[in-house]
Amino acid sequence: MTKPILDVAGFSFAIGGRAILRDLTFSIARGDRAAILGPNGAGKTTLLKCLNRIVRGGRGRIAVDGLPLEDYSQLDLARRVAYVPQADGRSAPFTVREFVEMSRYPHLGPLAPIRPQDSAAVDRALEETGTSGFAERPLEALSGGERQKVSIAAALAQEAELLLLDEPTAFLDPPRRQEILRTLADLHRERGMTLLFVTHDVNEALGQASRVLALREGALVFDGPSGALVEAGTLEKVYGHSFVIGPHPRSGRAVVFPE
Amino acid sequence: MKHRGWILAGFALAAWGGVALAPYFGVVSLSDLRAIPVFWQIRVPRVLLAFLAGSGLAMAGMTFQALFRNPLATPFTLGVSSGAAFGATAAIRLGWTASLLGVSAVSLSAFAGALASLVLVYGVAMARSTFSTSALLLAGAAISFFFWSLILFIQYLSDFTSSFRILRWLMGGLETVGYGAVLDVLPFVISGSAVILCFTRELNLMAAGEDLAVSRGVQVGVVRAVLFSASTLMVGGVVALCGPIGFVGMMAPHICRLLIGTEHRHLAPATFLFGGLFLLACDAVARLLIAPAEIPVGVITALLGGPFFVWLLLRRPSAGDSPV
């Protein structure tokens, strides 16, 4: 059995004495497409930030590719784990290409110029996310959906194996959400990337993830195949709220509505 | 922007031309042989000092703007200039004359003041549960007022002559005789700028957001400490000699951004060159506008900077909270 790309054992994290994450244990296999669900304030974003060492500290063990997180330099970690932050409405003051090119940072030596393989990685990332057409435009001139695609392109240019995404479809209209989800599905299929994404949309988790982790008040209350999420009582346990579960009128796949 | 190389070359040419030609402009005609010492001992050092001071303040401004992700963050608005001014005023008032490794007590004290104000402003802004630009600017204003009050207190305790000297120094000026001041400020500006030029990739990532920078492999804590120290060192060095000349650190980087973009590998050298040229031009105006009398250069930069600050605030509704 191959070692998991991500292995978390007994991990807890607190801020100012308040527990944010409690005794989490799970692992993510290579090529997994996993969603993290949970109500507001459950610790989903903090978990992603801990996995990427954006937030440091905590008790327990996090291992990436078999090595404890603390054994990695920040550069080594960036070559293995990429991160798409939650959109906050602020845009960086760069053109699309400049922004995506900046993600080659962990692959470049100090003061070294951009090499042909770096430009190739940038071109590929722009191509795969459908953003090549506006590569020279400033980020602030883009729509929310375009900006989110660029954000994913930037993480792709990092050429890491594990991609962490914090609510990649938040604040987007339904067609734009579908575009982003299709892009992620293509990346998973074609690049064989491991995806771990936070979402508030249970149907998105059901449709896009093969595996779901659900947090409530910092504790892992569900870890299993996404299909098992619709078993009686599971979502109620996660959200403390009842849901109606029925078949999709066309595909027959289970869809969920809050009561 | 493929024409950036040309813009940068244009800046270099303009800076070279500015430094070469500026000493020829002045009240005393150079056709008079007696004016030769004026040229070499007053005008050339003054032009060099203006260029270095402008470059240093502009580079510090650009760095603060990237690190704080705000176009209004400058040595002046963050209170760093007033901290340095307080340090220098205290050293002058107390008559400290010692030096360390060739650096005068006034410069060291200015540097300590600048660092103290930056730590205070950053500490106050970060002490809130959520970091916001308005908190940062308000903290900068508060710390600035605090240090200005201390400066006024020192001034109040001084005799009339010292009080006038302090007041004149606080208006900012580049009057110098000989190359002592140039050599004093040179190591601060060159070493600080060299450090910043080595960290342009990191500045890009930090301007895009700290979380993003960490996720791309930047050791944010180390980089931030190095860049804050380099910028503060420059501001301290410049303010100790020239007084707190305001707004150069805001106007120069912003004009450069409009011309060459925000990519710091191009923006940083452009800001160094343009910042120097900008203060040089302001000083020429200060010397010639009401000749033979001179206006303190800090008055000229403030007269330009005030409206520019307002324009920057009004240009975009969210300017106060938008990235650089």
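No lab work stands behind these numbers, since they all come straight from the coordinates. Bear in mind the structure is a predicted one, so any value in this text is a computation, not a measurement. Virtual Cβ from ideal backbone geometry, glycine too; neighbours counted across all protein chains shown.
Long-range amide H contacts for A:Val255: which residues qualify at under 5 Å (H placed 1.01 Å from N, peptide plane, sequence gap of 5 or more or a different chain)?
A:Gly246, A:His248
Counting only helical runs of four or more DSSP H residues, what would the 222 nm mean residue ellipticity of chain A come to if each run contributes -39,500 (n - 2.57) and the total is spread over all its residues?
Computed ellipticity for chain A at 222 nm equals -9000 deg cm²/dmol.
Evaluate chain A: find the radius of gyration of its Cα atoms, find its Kirkwood radius, and give the ratio Rg to Rh.
0.97
Amide H to amide H under 5 Å from A:Ile20: which residues, 5+ apart in sequence or cross-chain, H placed 1.01 Å off N in plane?
It is A:Phe13, A:Ala14, A:Ile15, by chain and number.
Which ³J(HN,Hα) values in Hz, rounded to whole numbers, follow from the phi angles of segment A:16-24 under the Karplus curve 6.51 cos²θ - 1.76 cosθ + 1.60, where θ = phi - 60° and Gly and Pro get x?
Along segment A:16-24, the couplings run x, x, 8, 6, 9, 10, 10, 6, 7 Hz.
Peptide A:92-103: average number of partner chain Cβ atoms within 10 Å per residue?
6
Can you give the log10 of the normalised intensity I(q)/I(0) at q = 0.06 Å⁻¹, computed with Debye over equal Cα scatterers of the protein assembly as shown?
Computed log10 I(q)/I(0) values: -0.38.
HN-Hα J couplings of segment B:220-227 from phi, Karplus 6.51/-1.76/1.60, θ = phi - 60°, integer Hz, Gly and Pro as x?
Here the 3J(HN,Hα) series is 4, x, 5, 4, 4, 5, 5, 6 Hz.
Could you list which residues have their amide H under 5 Å from that of A:Gly224, counting only those 5 or more apart in sequence or on another chain, with H placed in the peptide plane?
Long-range HN contacts for A:Gly224: A:Val212.
If you build a Gaussian network model of chain B, linking Cα atoms that sit under 10 Å apart, which residue out of B:Arg69, B:Arg165, B:Arg46 swings the most?
For chain B, modelled as a Gaussian network with Cα springs under 10 Å, the answer is B:Arg165.
Just how far, in whole angstrom, is segment A:59-91 from segment B:43-110 if you go by their alpha carbon centroids?
Cα centroid to Cα centroid, the span is 38 Å.
As a test of the formula, what do you get for chain B when each DSSP H run with n ≥ 4 contributes -39,500 (n - 2.57) and the sum is divided by the residue count, at 222 nm and rounded to the nearest 500 deg cm²/dmol?
Values: 13 runs with 230 residues, N = 324.
Calculated at 222 nm, the ellipticity per residue is -24000 deg cm²/dmol.
For segment A:177-189, take each phi angle, set θ = phi - 60°, evaluate the Karplus expression 6.51 cos²θ - 1.76 cosθ + 1.60, and give the result in whole Hz per residue in order, putting x for glycine and proline.
For segment A:177-189, the Karplus-derived couplings read 4, 4, 4, 5, 5, 5, 4, 5, 5, 4, 5, 4, 6 Hz, x marking Gly and Pro.
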